[in-house]
Amino acid sequence: MLSRVANCLYWMSRYIERAENIARIVDVNLQLLLDFRNLDEQRLAEHWLPIVLATGDEKQFFELHKNATGQAVTEFLVWQTDNPNSIISSIYQARENARMVRDQIPVEFWEELNRLYWFMRTPQARQSWKDSPTDFFQQIKGSSLLLVGLSRATSIRNEGWYFAEAGKFLERADKTSRILDVRHVTLPEKGAPVAVSQAEALEWSAILRSCSGWDAYKSIHGAEVHPKLVAEFLIYSDEFPRSVQFCVTGLNDALRKISKVPEGKFCNDAEKLAGRLIAELQFSTIDEVFAQGLHAYLDLLQVKLNDIGGAMFNAYIFQPFTNLEEEIMVQQEEQQQQSA
Amino acid sequence: MLQQYDPKGFFDEMLDERGDSRPHYRKFRQCFEGMTPDEFDHKRQSVDLAFLRQGVTFNVYGDSAGTEKIFPFDLLPRIISAKEWEGLERGLVQRITALNLFLHDIYHEQKIIKDGIIPPFYILTGKHFRREFVNFNVPKDIYIHVCGTDLIRGADGGWMVLEDNGRCPSGVSYVLENRRAMKRSFPAMFEQIGVRPVEHYPQELLKMLQHIAPAGVADPTVALLTPGAYNSAYFEHTYLARQMGIEIVEGRDLLVRDARVFMRTTKGLRPVHVIYRRIDDDFLDPTVFRRDSMLGVPGIVNAYRAGNVSLANSIGTGIADDKVMYYFVPRMIKYYLDQEPIIPNVPTYLASEDADKKYILENLTQLVVKAANESGGYGMLMGPKATKEEIEKFRGAIEKDPRNYVAQPMISLSRHPTHIENGTFEGRHVDLRPYIIYGEKISIVPGGLTRVALRKGSLVVNSSQGGGSKDTWVLYGDE
């Protein structure tokens, strides 16, 4: 498979996953606000700012907006094309990548992604967002899930599929960790909180709902919401398909399908790092996480995920694109040797 | 729905002067009249929507608002009878055969020059004459593998060749997509009327590409080289690659080592043997042609010269697209084949011949003036419709560089009923671009792309200038 094609498939599925996850975050936080009364500006900023911080784009945000109001944050995360990670930018990027590899993806998949793209460009999209944000976000999530399902049901399981899978799982693991990190300012720097207020419990259940994990969580832990249990569920569950461990396992499987190197060995840094991360996740506990501090732990986790992405790029995509002048020199040398 | 339609003033493809259908349109007209305007409108909208949804679009340069547009599609098909098509087919085969012999000749013995048929001046000053390739043998001696020849009909209904596109003619994907859309909208008509299929074009193209593979390569790897996703024809490139099941590559995906072309894959470098390139000569190789080209592949020309990779179309075919060379095609047909041209040229005047130049300059308001090496409807003066300034601008340009200009009388292109709005139909000017593939044999998919100038009175059919398209039906019979 062409390296550029692999790269496009990888980013296409990352961006689709990204759009879906941002929709999840914004949606749940909008709903959460309905549960609180009499919020002053200060409290509102405390609510919205962490969401911007969680996406890691705060610098970009403050270049475009003065204050972290609900209006500014949602605008930034949903509509602003100046934000490369907004929902609209993600959909544009996903489609642009798909367009470059149209010959590699099922027709139905392309048509749905293309439909979503054109929908985002219509005035109706904005109107539907104004009228009922929840319905709007439901559309984005629904479309993303339809795309995931379509590719599962129609894609041939070739190398390209596994690059797309790797992108999807990497993005999902990253976003789950960021969603989980949203309330970190309410936590002690190290150690787990002892008592949880009702408002805090609501906020932590919002985190679960952001990940579509509320029902799954309840089936395991009942209705009691505690940051420690929530974190354990979203990091360590090997059954919940959006947990970090589940996603990293999926990522690792995809990497091994690409290289055909069996478990326990590795042939490139991406496999080495993914294998190491799985081992860490398997042989650590949530108490250790909180002892280190949840935020510090998640920060490090995100760096590790990034490193796996970087290593993948180096192993498969980046056979140094020589610069043009140099390449012209190489050609001249080769041709001189031939004529000599 | 055609009651109000006025067929007069020009040759109408569908109706004669009395408003009766021509014989090969009769069956279609029956089916068509059986439809209500609402039904028609509904079908029209659903086709437009389907094109947008499938991404059957072209990119518009210099338009940032909506950089992609669907190519406007008119539901009324242009129909050609079996007999008429048979004549066109023979004419096109004759023409591409002569053009190939011409290219082989001017890149080898140059007999046509030595025998005084074409003055050497015109060839040696041709912007796209690649003297680097004199005495180079192209695989299987084929230069123009894919040719899109533009045909028009004049006031008397006679066919003429307007120009030859022997470099990378585009538009064939619309032929295939238009047909798909028509089959979805009017499934019953096809059976009733008897329309010859076009769907085998990708197979024919692939067969040709495999045919020209370097000697000794049993299972050649074929790739389509595109300038990238921002090229106006990018949809077509991915479409053809997907239909042929070949890799679509950009310049940066390819690398030349030891005069062999490789593509960068996730498993390292893999050899490529045949390249269907949709990049012009100028951009193909920065070590040979334009040094600032970021689209090309350094060293690819050297690999081509070494016989390790085949290109379609060959390098140097642009000279045959030169509008001055067009003037000489009837002479080429006579010279190489000893035949009369089956489809005539449009009468043409060369500005670098003194008598012609005088005539052109005296009659600028009557003539169509074309720059010799522009395409897409650019670099053109429509005398009767031009402003004084435009005419003076061209007068200056012709005086300054006569080699680069030709002129033709204004042809009143034939018209075809075309949907305008709210169920009304008016005549709009059309042309026809058949696609000719020259491989082991010459094959032409029945019909081609009918382009229609949607603006009232306009004669320019190019998509960049407000043109649209129609499905083209070649019938099994004559009625």
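Laboratory data are not the source of any read-out in this text; all were calculated from the coordinates shown. Note that the coordinates shown come from a computational prediction; the quantities given were computed from them, not determined experimentally. In this analysis, Cβ positions are derived from the backbone assuming ideal geometry, glycine residues included, and neighbour counts consider all displayed protein chains.
Laid out as a table, the results:
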| item | result |
| --- | --- |
| FRET efficiency, 1/(1 + (r/R0)^6) with R0 41 Å, evaluated for residue B:399 and residue A:335 via beta carbons | 0.45 |
| Unsatisfied cross-links (Cα-Cα over 26 Å) in the set B:111/B:140; A:168/A:257; B:111/B:357; A:228/A:265 | B:111/B:357; A:228/A:265 |
| Loop sites in segment A:105-166: trypsin sites (Lys or Arg not before Pro), DSSP, at most 12 other Cβ within 10 Å | A:157 |
| Backbone N within segment A:165-182 under 13 Å of label point (7 Å from residue A:67 Cα along the Cβ vector) | none |
| Helix axis angle, A:269-282 relative to chain A longest principal axis, alpha carbon, degrees | 30 degrees |
| Whole-Å distance, taken between Cα centres, linking segment A:288-335 and segment B:1-62 | 55 Å |
| ³J(HN,Hα), Karplus 6.51/-1.76/1.60, whole Hz, each residue of segment A:224-235, x for Gly, Pro | 6, 10, 10, x, 5, 5, 4, 5, 4, 4, 7, 9 |
| Taking only Cα atoms of segment A:137-191, radius of gyration then Dmax in Å | 16.0, 48 |
| Estimated FRET transfer efficiency (residue B:141, residue B:115; beta-carbon r; R0 22 Å; 0.05) | 0.60 |
| Dipole-positive endmost among B:427, B:57, B:283 within chain B (Cβ charges, Cα centre) | B:283 |
| Sequence of B:134, B:261, B:309 once ranked by neighbouring C-beta atoms within 10 Å, starting from the fewest | B:134, B:261, B:309 |
| Helix-only [θ]222 nm of chain B, DSSP H runs n ≥ 4, -39500 (n - 2.57) each, per residue, nearest 500 | -9000 deg cm²/dmol |
| Alpha carbon centroid spacing (whole Å) that separates segment A:156-188 from segment B:74-117 | 58 Å |
| About the Cα centre, charge dipole magnitude for the protein assembly as shown (Lys/Arg +1, Asp/Glu -1 at Cβ), debye | 980 debye |
| Cβ-based charge dipole, segment A:166-319, positive-most Cα from A:294, A:185, A:250 | A:250 |
| Cα-based Kirkwood hydrodynamic radius, segment B:349-409, one decimal, Å | 11.1 Å |
| Average other protein chain Cβ within 10 Å of Cβ, residues A:92-104 | 4 |
| Mean Cα-pair separation over length for chain B, i.e. relative contact order, pairs under 8 Å, 6 or more apart, % | 25 percent |
| Segment A:1-86: equivalent-ellipsoid semi-axes (sqrt of 5 x gyration tensor eigenvalues, Cα, Å) | 30, 14, 8 |
| Euclidean distance between Cα centres, segment B:331-374 to segment B:154-172, Å | 15 Å |
| Electrostatic dipole magnitude of segment B:349-409 [Cβ: Lys, Arg +1; Asp, Glu -1; Cα centre; debye, to 20] | 100 debye |
| Length released on extending from residue B:269 to residue B:127, taking residue separation times 0.36 nm less the Cα-Cα span | 47.5 nm |
| Diffusion coefficient, µm² s⁻¹, Stokes-Einstein with Kirkwood Rh over alpha-carbon pairs of the protein assembly as shown at 4 °C and 1.567 mPa s | 43 µm²/s |
| A:214, A:161 arranged by Cβ crowding within 10 Å, fewest neighbours leading | A:214, A:161 |
| Residues B:57, B:238, B:472, A:285, sorted so that the one with the fewest Cβ neighbours within 10 Å comes first | A:285, B:57, B:238, B:472 |
| Under 16 Å from the Cα of residue B:358 - aspartates and glutamates, other chains or at least 8 residues apart | B:392, B:399, B:401 |
| Gain upon complete extension [residue A:253, residue A:121; 0.36 nm per residue less C-alpha separation] | 43.9 nm |
| Under-5 Å amide H pairs with residue B:163, H placed in peptide plane, nonlocal only | B:150 |
| Unit charges on C-beta of K, R, D, E only; dipole of segment A:166-319, Debye | 480 debye |
| HN-Hα J in Hz across segment A:42-59 - Karplus 6.51, -1.76, 1.60, θ = phi - 60°, x for Gly and Pro | 4, 5, 5, 4, 5, 6, 8, 4, x, 5, 5, 4, 5, 7, x, 10, 5, 5 |
| Environment charge at residue B:358 (Cβ cut-off 13 Å; Lys +1, Arg +1, Asp -1, Glu -1) | -3 |
| Computed FRET value (nearest 0.05) for residue A:303 with residue B:52, which takes r as the C-beta separation and R₀ as 41 Å | 0.45 |
